[in-house]
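Single-structure report; data block below.
Computed from the coordinates by the stated procedures, all read-outs in this text should not be read as laboratory data. Keep in mind that this is a model prediction, so the values were computed, not measured. Because the Cβ atoms are built from the backbone with ideal geometry, glycine has one as well, and the counts that use them run over all protein chains shown.
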């Protein structure tokens with residue numbers, strides 16, 4: 001099943017809906033010419049479902065409620081105006097963008113009333129079900145409204161062939177998802193997604209013979225993110241100093257971990273945190289690194305906007321994913337093993353516009369070394385020759 005998300009367009013907001021309610025205060029004309037364009041294309045292509053966004057659009061719904069519970073957005077805009085007839089699925093209903101206003105019961109009822117067909121991850125599923133049943137019994141939701149959503153779910157199941165094969169062999173899932181072909185395809189996508197937005201010096205590609213240092217930043221101390229990254233980095237740079245930090249550590253503790261920073265030829269800060277959430281807690285530490293004499297290459301996995309906070313980072317690389325193939329892709333790109341050809345799909349204020357991206361071909365390090373050697377020979381003074389008597 002193919003899903004388009006997050007309706008009606010989450011790209012131009014400055015609040016993480018996991019943490020609060022984003023506001024997109026733009027006129028309908030702007031929606032028609034930008035945010036709604038990909039959704040129209042997806043609907044025309046027969047997309048199976050569209051996921052809602054926990055974000056307010058006051059120009060469409062003056063009440064200021066999230067789109068997930070807004071009838072003017074889901075029924076008026078998506079169903080009536082865009083003529084979308086398939087499944088409307090909510091974004092995860094345990095996110096603060098929704099729970100900050102409505103609990104599991106009220107949020108579920110309001111979502112169905114607004115036009116949603118599938119409620120994704122309500123905080124309290126039992127309470128959500130009971131609330132929907134009660135709403136039907138009391139007339140707040142009609143049986144016809146529930147039947148329409150149930151029919152869309154059944155049609156989707158028929159379209160996916162679930163009526164012919166109702167049971168799933170769990171072993172077959174592993175055969176597909178863990179196959180060599182699937183792994184190669186995922187790695188190829190991750191390699192091509194890597195995007196370079198800054199490379200002063202240039203810092204990249206890293207010199208394997210030099211002593212680069214790696215600092216992995218995670219939101220949680222127990223996180224497994226970055227483990228494959230560390231393994232791949234060490235395999236290419238055995239002399240590298242590798243440090244793992246988390247956003248709960250005080251500045252003094254962070255600096256104590258990085259006592260060897262002055263001996264690094266370059267510092268790679270690989271962040272699995274987000275600038276709109278927990279990366280700000282380690283900002284002073286990363287800022288001090290970027291202000292030092294050692295060049296810093298910032299690699300952001302989960303949040304392409306992280307580069308906004310560190311203008312002094314000599315290089316800025318984004319992967320747009322924190323999946324394991326992206327960890328491997330980042331290391332391959334850092335050391336010049338794969339060409340960097342990605343383009344950013346979003347504008348990052350003061351960093352890059354949509355479509356920006358620096359290209360770095362394979363063998364760039366060798367080309368740079370040859371150019372440096374050529375320049376050195378060209379500027380070397382010609383030795384004086386003795387003249388015969």
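See the values below:
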item	result
Label assignment, percent of Cα pairs over 38 Å apart derived from the structure, set [x] 47; [y] 34; [z] 29	[y]
Burial order of peptide ranges 300-307, 208-215 (average beta-carbon count within 10 Å, highest first)	300-307, 208-215
Length added when fully stretched, residue 359-residue 127, from 0.36 nm per residue minus Cα-Cα	78.3 nm
Net length gained if the chain between residue 180 and residue 81 were fully extended (0.36 nm per residue, minus Cα distance)	31.3 nm
Estimated 222 nm signal from helices in the chain, with DSSP H stretches of n ≥ 4 weighted -39500 (n - 2.57), rounded to 500	-10000 deg cm²/dmol
Region 1-160: antiparallel DSSP beta bridges as a percent of all, rounded to 5	10
Choice from 354, 331, 65 with maximal GNM fluctuation in the chain (Cα, 10 Å cutoff)	354
Mean Cα-pair separation over length for the chain, i.e. relative contact order, pairs under 8 Å, 6 or more apart, %	13
Sequence of 6, 18 once ranked by neighbouring C-beta atoms within 10 Å, starting from the fewest	18, 6
Tilt relative to the chain, helix 104-114 - C-alpha long axis, 0 to 90 degrees, to 10	80
Rel. contact order, % - alpha carbon contacts under 8 angstrom, at least six apart, region 3-159	22
Spacing of the two label points (7 Å from each Cα toward its C-beta) at residue 346 and residue 103, in nm	3.3
Rough spin-label spacing in nm, given labels placed 7 Å along Cα→Cβ, for residue 236 and residue 293	2.7
Distance (nanometres) between label positions extended 7 Å along Cα→Cβ at residue 159 and residue 40	2.1
Prolate/oblate/rounded call for region 1-65, Cα gyration tensor, a/c under 1.5 rounded	oblate
Selected from 342, 115, 76 as most flexible by GNM, with the chain as the system and alpha-carbon contacts under 10 Å	76
Ranked 1, 308, criterion: other C-beta atoms within 10 Å, fewest first	1, 308
Antiparallel bridge percentage (DSSP; both residues within the chain; nearest 5)	20
Choice from 163, 347, 319 showing the highest fluctuation, given a GNM over the chain with Cα pairs closer than 10 Å	163
Angle in degrees between helix 125-137 and the longest Cα principal axis of the chain, rounded to the nearest 10	30
Packing-based exposure ordering (other Cβ within 10 Å, fewest first) of 326, 219, 293, 17	293, 219, 17, 326
Cα shape, region 3-159, gyration tensor, a/c 1.5 rule	oblate
Rounded, prolate or oblate (a/c below 1.5 giving rounded, otherwise prolate when a/b exceeds b/c) for region 186-367 by Cα gyration tensor	rounded
Folded to 0 to 90 degrees: helix 324-334 orientation relative to the chain principal axis, Cα	30
